[in-house]
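Data first, discussion second: the structure below is written as structure tokens.
The values are calculated or read from the model by the stated rules, or taken from the named source; none is laboratory data. From a predicted model like this one, the values you see are computed outputs, not experimental measurements. In this analysis, Cβ positions are derived from the backbone assuming ideal geometry, glycine residues included, and neighbour counts consider all displayed protein chains.
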Amino acid sequence: MKRARRGDGPVVWRDGGGKPLSCHEKIKVLNQNIAEIRQLTQDAFEDAILMGGAESQFRDVMHEMIDALDNPYRKSKKS
């Protein structure tokens with residue numbers, strides 16, 4: 001399955017099975033959330049650079065943060 005598009009272009013949001021979401025309200029909320037996250041992250045990135053931080057470290061920290069997100073709705077696997 002393809003990942004969400006990078007950059008500022010529209011994202012085709014998909015369900016767990018890979019089918020595009022069709023609910024306009026859900027898509028609107030998801031796009032608003034991404035726009036807010038993008039702006040907040042851009043601001044933090046610029047702060048890090050202005051304060052002398054390493055660009056590569058900031059990017060690594062952001063990747064680690066995303067990778068560590070917990071899905072509280074994941075269906076538990078039964079043994």
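Here are the numbers for this structure:
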{"quantity": "Residue that is farthest from Asp15 (Cα to Cα), among those in region 31-79 that are part of a helix (DSSP H, G or I) and among the basic types (Lys, Arg)", "calculated": "Arg59"}
{"quantity": "Identity of the residue in region 46-79, among the small types (Gly, Ala, Ser) and modelled with pLDDT of 95 or more, that ends up surrounded by the most Cβ atoms within 10 Å (Cβ to Cβ)", "calculated": "Ala48"}
{"quantity": "Region 10-30: number of residues that are assigned to a helix (DSSP H, G or I) and loosely packed, with under 11 Cβ neighbours inside 10 Å", "calculated": "3"}
